[in-house]
Amino acid sequence: MEDLVKLTAVEKHFPVWEGFFSRRRRYVRAVDRISMSIARGETFGLVGESGSGKTTLARLIPRLTPVTGGKLLYSGTDIARATTGQMTTIRRRMGIVFQDPSSSLNPRATVRTSIQRPLEIAHRPRLEIDSRTLETAELVNLGKELLDRYPHQLSGGQQQRASIARATILRPEFLILDEPTSSLDVSVQAQILNLLLDLQQEFGLTYLLITHNLTVVRYMCDRVGVMYLGKLVEISPVADLYKSPLHPYSVALLSASPPPSPRSRNRERVRLAGDPPSLINPPPGCRLNPRCPYAFDRCRVEEPKLVECAHGHLVACHRV
Amino acid sequence: MSRSAEPLLSVKSLFVDYVTSHGRVRAVRDVSFEVNRGEVFALVGESGCGKSTTALALMRLVPQPGHVSAGHIMFQGTNLTELSERQITLVRGKQIGMIFQNPLIALNPVYSSGWQVEEAVLLDNVSRQEAWRRAFDIMGSVKIPDREERMQSYPHELSGGMRQRVMIGMMISRAPELLIADEPTTSLDVTIQAQILDLLMDLKARNNMSLLIITHDFGIVADIADRVGVMYAGSLVEQADVFSIFESPRHPYTRLLMRALPTGTKTEGRLETIKGSVPSLTEVPAGCSFNPRCPLAQDICIQERPPEREVAPGHSVRCHFSAE
């Protein structure tokens, strides 16, 4: 299976000026030497908590912000070296659905305007724009009577459908979904997830799904990457991650997640001490070592590399 | 965990209305439930179901133009709806505590967190020194590390999890018997959420405190609830112990909700969805408020509001059909 997206030691460091007269410069290492790939047709889940770098990583792919190190290939093209013209073409093959539809849809534009904008930017003829918009609205089950309303007049679920319509109107091959259902009620979430699966089947889409909701990850994803403080600590097929998570952070994340039913309530819990440290001054060695219940000497000095332990299952931990 | 026969909190036929220029809007309709001592009761439902309004009504905190228009709220033998404004302020904080969803909004930004806990303690008429000492102990019992420094910090200087701990600290400082928690972990990361829930359960055990938790997250319900009340469009549609709610729900809405939760992988089948959408409070359907979306709806559901009926011991449902 071809790799649609391939990251090799990708870095995104943001400079921060500190001290009097902003003299001292340090870096927020939001994404720190990440290597991974997303195969065509798969749904890759990226999980992690606030500050893990998952949203930053997603923004690198369409070059919404430039990479500061490493190599990022989209369908074989090096994103960092692509010309503006090449990027325009590449970006049309991608769609992005953001977390909070009420803040990602222009509140002063009708839903129709927001959805058709990508077609207008691509200079499509008027007739095509109108028919495509109607067609796409129908595809996402967004009633056409809603098209001429404003976002605030739509429910959360309808807003998210509008957002998905906008992201898919150019019939992309790749969708980046950043917490697509986090602000939605349970029943609405089910509708949106079903819709995403239907669209994927119909158009052969590849998804990068970013979320902190582990039940959504398990349901939707084929493979999962777990991020902590800018690093990828584990990559695994979804079933394996839930059955036998290897990295202590993954274990803690899974055991911190609420159980699917009250019967699985008294499962063994692994708790991490304290709060995540700052991204400007990450701990030396393995990023998790101050909070990890299994940390030993090597963890405090040497950063573990991501190695394959079982088929398709990679971990970055000295214990393994 | 001892259970005396008398419930700690007994809400009977609670109605909360908002008086607006468009007329009366009913946010909570005929809601009755009980919370026993040492129990965790979860009030769960989707947006606009009235669960937060119910919680606010218990402490008479429903914002204007809302008010409790009918019903009794019995707390340890006293009817809270009959208390004067002054009397209810004595109950708030001391006997019933409440923590809210977003502590950054609830905490005062210009006072240090330590001072806010002290201020709560001072309500018990102790000296400043004693108040500081107790606040220090409380910061320890809510497991705030580096207490001395953190007590001097302002809310905006603390992380979300820390702020929530400070709020919990303030609220348990006078050892209330009932703590109402309205979406206490919504904006927090999973691992921090787990820490906060552990803390709440630990405090509950140590102080024999009851917990009324308001949430839309069934995971939290599965994790800590003993009993559950499911709300829809202002009414309680089903009430039971947590195992029954998950394993044998009897109301069509609860059943559909349980099947809408992603519990496995996509290969195991599509998620169940509920046709239509949640009605706004100004447009609640007549009869059973769920009827336009219910797969079992018949004529009677449009004509008559179903009464709440007990279908098994401790399990009641508001539906015309005792669904099997």
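Per q in 0.20 1/Å, what log10 I(q)/I(0) does a Debye calculation on the alpha-carbon atoms of region A:28-79 return?
Normalising to I(0) and taking log10 leaves -0.78.
Give me the percent of Cα-Cα pairs in chain A that sit more than 35 Å apart, rounded to a whole number.
The proportion of pairs with Cα distances above 35 Å equals 25 percent.
When the dipole is taken about the Cα centre of chain B, and only Lys, Arg (+1) and Asp, Glu (-1) are charged at their Cβ, what size is it in debye, to the nearest 20?
My answer is approximately 300 debye.
Any idea what the relative contact order of region B:102-175 is, in percent, if you count C-alpha pairs under 8 Å spaced at least 6 apart?
Relative contact order comes out at 47 percent.
Other chains near B:269-278: what is the mean number of their Cβ atoms within 10 Å of each residue's Cβ?
So the per-residue partner count for this stretch is 5.
For B:189-201, what's the mean count of beta carbons from other chains sitting within 10 Å of each residue's beta carbon?
What the average comes to for B:189-201 is 5.
Grab the alpha carbons of chain B, take their convex hull, and tell me the volume per residue in Å³.
152 Å³
Looking at this model, which pairs from B:12/B:143; B:12/B:275; B:51/B:94; A:12/B:143 are more than 28 angstrom apart at the alpha-carbon?
Over 28 Å Cα-Cα: B:12/B:143; B:12/B:275; A:12/B:143.
How long are the three semi-axes of the equivalent ellipsoid of region A:105-244, in whole Å, if each is the root of 5 times an eigenvalue of the C-alpha gyration tensor, listed from largest down?
With the √(5λ) rule applied to region A:105-244, the semi-axes are 30, 16, 14 Å.
Suppose we flag chymotrypsin sites (Phe, Trp or Tyr not before Pro) only when DSSP calls them loop and at most 16 other Cβ atoms lie within 10 Å. Which is the longest uninterrupted stretch of chain A?
With a cap of 16 other Cβ atoms within 10 Å, the longest stretch comes to A:1-293.
Tell me which trypsin sites (Lys or Arg not before Pro) from region B:196-304 have a DSSP coil assignment and no more than 14 other beta carbons within 10 Å of their own.
Within region B:196-304, the qualifying trypsin sites (Lys or Arg not before Pro) (loop, at most 14 other Cβ atoms within 10 Å) are B:270, B:275.
How large is ³J(HN,Hα), in whole Hz, for each residue of region B:70-85 in order, when computed from phi with the Karplus curve 6.51 cos²θ - 1.76 cosθ + 1.60 and θ = phi - 60°, using x for Gly and Pro?
Taking θ as phi minus 60°, the curve returns 6, x, 10, 10, 8, 10, 6, x, 9, 8, 4, 5, 8, 7, 6, 4 Hz for region B:70-85.
Counting other beta carbons within 10 Å of each residue's own, what order do A:287, A:124 fall into, fewest first?
Arranged by neighbour count, lowest to highest, A:287, A:124 become A:124, A:287.
Sequence neighbours fewer than 8 away in the same chain don't count; with that in mind, list the aspartates and glutamates whose C-alpha is under 14 Å from residue B:204.
Result set, ordered by chain and number: B:39, B:177, B:226.
Taking only Cα atoms of the protein assembly as shown, what ratio of Rg to Rh do you get with Rh as the Kirkwood inverse-distance radius?
Computed over Cα atoms, the ratio is 0.98.
Tell me, rounded to the nearest percent, the portion of alpha carbon pairs in region B:80-192 spaced more than 17 Å apart.
54 percent
I want to verify a result. In a Gaussian network model of chain A, Cα cutoff 10 Å, which of these has the top mean-square fluctuation: A:76, A:274, A:48?
For chain A, modelled as a Gaussian network with Cα springs under 10 Å, the answer is A:274.
If only Cα atoms are counted, what is the Rg of region B:8-124, and what is its Dmax, in Å?
15.6, 45
Kirkwood hydrodynamic radius (Cα pairs, Å) of region B:281-324?
11.1 Å
To the nearest whole percent, what portion of all C-alpha pairs in region B:10-72 is separated by more than 20 angstrom?
For region B:10-72, the share of Cα pairs beyond 20 Å comes to 25 percent.
Out of all DSSP beta bridges in the protein assembly as shown, what portion is antiparallel? Express it as a percent rounded to 5.
Once the DSSP bridges in the protein assembly as shown are tallied, antiparallel ones form about 60 percent.
For region A:164-320, just run the numbers: alpha carbon Rg, then divide by 2.2 N^0.38 Å, N being how many residues it has.
Output field value: 1.17.
Using θ = phi - 60° and the Karplus form 6.51 cos²θ - 1.76 cosθ + 1.60, what ³J(HN,Hα) does each residue of region A:234-244 get, whole Hz, x for Gly and Pro?
Each residue's phi maps through the Karplus curve to give 7, 10, 7, x, 4, 4, 5, 5, 6, 7, 9 Hz.
Could you bin all the Cα-Cα distances of region A:57-102 into 5 Å bins starting at 0 and give me the percent of pairs in each, rounded to whole numbers?
5, 20, 34, 21, 11, 6, 3
Dipole size in debye (nearest 20) for the protein assembly as shown around its Cα centre, Lys and Arg Cβ +1, Asp and Glu Cβ -1?
1480 debye
Among all the lysines, which ones have a C-alpha under 22 Å from residue A:6's C-alpha, if same-chain residues fewer than 8 places away are not counted?
A:54, A:71, A:231, A:305
Peptide A:45-51: average number of partner chain Cβ atoms within 10 Å per residue?
2
Read-outs: derived from the displayed coordinates by stated rules, not from any lab. All values reported here derive from a predicted model rather than from experimental measurement. Here the Cβ is made from the backbone with ideal geometry for all residues, glycine too, and neighbour counts use every protein chain on show.
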